[in-house]
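So the structure is just underneath, and the comments pick up after that.
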Amino acid sequence: MSKKEASSKKLSKKEARQLIYDKLAVALTEFKSNSGKDKKFESNLKKASKLFADDAAKAANKVNKAKAKTPKAGKNAVKVKIEPKQEQQADG
């Protein structure tokens, strides 16, 4: 992870597109070697990565936002101790 990725939690569409493009290229290397049309294959990879990048960036940012909202207990946090209820015994 680079310093830029570690410091900024928000994933841009451009970064998401590049990550998806790299993963698709690695996953589909076998198909690339079988097809003789390298330029067409590359352009189709770019198109596919653009389609997926928008939703992937939104989902990643939504997860990061949810993690940021979770409250953390600090020094001044109120601690509540919950004790189990004791049943009352009836006389009689």
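The values are calculated or read from the model by the stated rules, or taken from the named source; none is laboratory data. Remember, predicted model here, so these are calculated numbers, not experimental data. Positions of Cβ are generated from backbone atoms using ideal geometry, with glycine treated the same way; all protein chains shown enter the neighbour counts.
The number of residues in segment 12-40 being without any contact (Cβ under 8 Å) to a residue 12 or more places away in the chain and among the aromatic types (Phe, Trp, Tyr) comes to 1.
Just the residues that are over 25 Å from the mean Cα position of the chain (by Cα) and in a helix (DSSP H, G or I), please, taken from segment 30-67. Of everything in segment 30-67, those that are over 25 Å from the mean Cα position of the chain (by Cα) and in a helix (DSSP H, G or I) turn out to be Glu30, Phe31, Lys32, Ser33, Asn34, Asp38, Lys39, Lys40, Phe41, Glu42, Ser43.
The number of residues in segment 68-86 being outside any helix (DSSP H, G or I) and either within 30 Å of Glu30 (Cα to Cα) or modelled with pLDDT of 70 or more (or both) comes to 6.
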